[in-house]
1. Using a probe radius of 1.4 Å on heavy atoms only, what accessible surface per residue do you get for the stretch 225-325? Whole Å² is fine.
2. Along the Cα→Cβ direction, 7 angstrom out, place labels at Ala14 and Glu174. What is the inter-label distance in nm?
3. Tell me the mean residue ellipticity at 222 nm calculated for the chain from its helices only (DSSP H runs of n ≥ 4, each -39500 (n - 2.57), averaged over every residue, nearest 500).
4. Using only alpha-carbon positions, what ratio does the radius of gyration of the stretch 151-212 give when scaled by 2.2 N^0.38 Å?
5. Which trypsin sites (Lys or Arg not before Pro) from the stretch 227-336 combine a DSSP loop assignment with at most 14 other Cβ atoms within 10 Å?
6. Looking at the calculated P(r) for the stretch 6-57, what percent of the C-alpha pair distances fall above 13 Å?
7. Sequence-distant or interchain residues sharing an amide H contact under 5 Å with Leu34, placed H: which?
8. Distance check, please: which entries in Lys164/Lys185; Lys230/Lys276; Lys230/Lys323; Lys276/Lys324; Lys91/Lys116 exceed 24 angstrom between their Cα atoms?
Amino acid sequence: MNIFPTQYSLLSAAALQDVLQELYGFEEMTCRLLIHNVSDTYVLENETEHYIFKIYREAHRSLEEIRAEAELLIILRDQGASVSSPVEDLKGNVIQSFNAAEGIRYGILFTYAKGKVCQLMNDQQLETLGLEMAKLHQITSTLELNHQRKEYNVNSLLIAPLEKVSPAFADLPEEYAYLQQTNQKVLSRLSELDTTGFGYGYCHYDFLPKNFHFEDDLKLTFFDFDFAGKGFLVNDLASFYAHFFLQVLSNVLSQQEADRQFKVFLESYQKIKHIKQEEIDSIPYFGYAWWIFYMGFHYENFEDWSNFFFGPRFLKERVGWIKKWVQWYIEEEELY
């Protein structure tokens with residue numbers, strides 16, 4: 001009997017446990033699914049060791065992109081950045097392959113990022129984060145990887161995503177018209193920026209607290225470089241500022257306190273890596289682009305991940321958030 005075509009399988013944790021123990025020479029490990037997402041993440045552990053094993057999908061990341069991510073993380077690790085990095089198997093390989101129902105799926109075993117997520121950071125943690133992100137950017141701004149990653153530019157951040165999500169707004173014409181109008185205004189402002197001297201290199205592009213763990217106030221580890229790509233490094237600052245926006249939106253922080261905390265982070269960052277005032281001033285525009293890009297990502301992965309939340313209610317709420325962002329951080333008279 002022929003096997004019916006499959007587009008997204010879930011590999012057995014028990015089977016992975018046996019295979020990974022043999023590949024890496026581990027003993028008495030357990031394996032459990034941690035996250036079933038656009039890719040799948042497992043925890044491999046025993047009493048003394050912990051690892052993360054990530055399985056990619058061809059629909060989300062090509063083998064070339066996976067190789068680039070591994071290459072980037074190995075360079076970052078070797079140059080002293082605090083990152084979760086690939087682990088070599090007994091034969092020296094960092095990428096594994098599995099003949100799954102939908103075809104070959106690739107996976108990487110990563111070192112475990114010790115500590116925990118900290119949504120409300122104290123000043124010492126913010127200073128540590130600023131220093132470590134700047135160290136990361138110092139390295140990525142001098143790199144040219146042998147393997148290709150996506151580029152973050154106005155087309156991939158603003159134009160293509162908004163065109164992509166158009167069908168999802170069939171019943172929300174006013175919301176889509178607002179995004180179209182605002183997109184054009186933001187594109188115009190970005191085109192007027194003098195980006196000479198803007199930091200440029202490989203961005204993480206998802207610098208929210210869920211993607212770094214603090215062991216204590218002075219020690220953190222970055223992980224999940226799934227969205228790493230080339231672009232202006234201010235994109236990472238903008239994605240981190242989105243964290244403060246969400247804290248203000250949910251009434252966890254006042255806007256004044258959010259801005260104070262971001263300033264603590266930014267001043268620490270600049271002890272390692274200088275950033276122009278024009279770059280700081282551009283954060284609201286690149287932050288707006290971050291929201292549009294991820295809306296496109298949600299739409300693109302509807303069948304395999306986002307269908308349980310991506311719909312008219314989500315879109316209406318998300319456009320409402322974007323309107324708040326524009327109202328709070330991009331002066332109305334500048335755009336309208």
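The values are calculated or read from the model by the stated rules, or taken from the named source; none is laboratory data. In this text the structure is predicted, and so the values were computed from the model without any measurement. Using ideal geometry, Cβ is built from the backbone for each residue, glycine included, and neighbour counts are taken over all protein chains shown. The protein model used for the area step is the full one, side chains on, heavy atoms only, and it has no ligands, DNA or RNA in it. Shrake-Rupley method; radii C 1.70, N 1.55, O 1.52, S 1.80 Å.
1. In whole numbers, the stretch 225-325 has 40 Å² accessible per residue.
2. With each label placed 7 Å out from Cα toward Cβ, I get 5.5 nm.
3. -14000 deg cm²/dmol
4. 1.40
5. Values: sites: Lys230, Arg260, Lys263, Lys271, Lys273, Lys276, Arg313, Lys316, Arg318, Lys323, Lys324; in loops: Lys271, Lys273, Lys276.
Here the trypsin sites (Lys or Arg not before Pro) that fit, given the DSSP loop and packing criteria, are Lys271.
6. Values: 727 of 1326 pairs.
Tail of the P(r) past 13 Å holds 55 percent of the pairs.
7. Amide H neighbours of Leu34, under 5 Å, 5+ apart: Thr41, Tyr42, Val43.
8. On the way: Lys164/Lys185 19 Å; Lys230/Lys276 19 Å; Lys230/Lys323 27 Å; Lys276/Lys324 26 Å; Lys91/Lys116 32 Å.
Over 24 Å Cα-Cα: Lys230/Lys323; Lys276/Lys324; Lys91/Lys116.
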